[in-house]
Amino acid sequence: MSQPLNEIQIPSHDRTFTPMATIPSLIIFLSFLYFALLASRHIGIPGPYYDKVLFVNAATGGTSHSFVSRCIFGVPVMLMSYIGALKAYLYFPLFKLFGVSAESIRLPVILISLT
């Protein structure tokens, strides 16, 4: 039995758009944007210190073994006796794409801190 066209009920959603519902989301987004801008404003100043860049030699496949404590089959595993090479593995594709600079070292950390 079919219903006449004027009696068919279309289910409605209870979600209605209200500008007040988007204000908290906008505030959060603007806060993240403000943080990212301030954190990256002087990203190259001061220059990188050795303790923050000791993984660069392992990530770029450096010719020397400075800051590489242990290798297995030529792959760096330990940068120092207490520091593993995971950060070098994660930065390897970034350095291939963007090269090694203060920006390419610090900007990923800023972006990760936003999550």
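Residues checked against (1) surrounded by 13 or more Cβ atoms within 10 Å (Cβ to Cβ); (2) not charged (D, E, K, R):
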{"position": "76", "(1), (2)": "yes, yes"}
{"position": "81", "(1), (2)": "no, yes"}
{"position": "84", "(1), (2)": "yes, yes"}
{"position": "89", "(1), (2)": "yes, yes"}
{"position": "92", "(1), (2)": "yes, yes"}
{"position": "96", "(1), (2)": "no, no"}
{"position": "102", "(1), (2)": "yes, yes"}
{"position": "107", "(1), (2)": "yes, yes"}
{"position": "111", "(1), (2)": "no, yes"}
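Filtering segment 102-115 to residues that are among the hydroxyl-bearing types (Ser, Thr, Tyr) and at pLDDT 90 or above leaves 104, 113. How many residues does segment 66-89 contain that are free of Cβ contacts under 8 Å to residues at least 24 places away in the same chain, out of contact with any Phe, Trp or Tyr (no Cβ under 8 Å at 6 or more places or on another chain) and not polar (S, T, N, Q)? Residues flagged as free of Cβ contacts under 8 Å to residues at least 24 places away in the same chain, out of contact with any Phe, Trp or Tyr (no Cβ under 8 Å at 6 or more places or on another chain) and not polar (S, T, N, Q) within segment 66-89 amount to 13. The criterion of at least 3 residues that are farther than 17 Å from residue 109 by Cβ and either touching a Pro at 6+ places or on another chain (Cβ under 9 Å) or modelled with pLDDT under 80 (or both) is met by the following helices (runs of 4 or more DSSP H) wholly inside segment 1-99: 19-39.
What is the number of the single condition among (1) farther than 30 Å from residue 28 by Cβ; (2) in a helix (DSSP H, G or I) that residue 111 does not meet? All conditions are met except number (1).
The values are calculated or read from the model by the stated rules, or taken from the named source; none is laboratory data. Computed from a predicted model, the values in this text were never measured in an experiment. Reconstructed Cβ throughout: ideal geometry from the backbone, glycine too, with neighbour counts over all protein chains shown.
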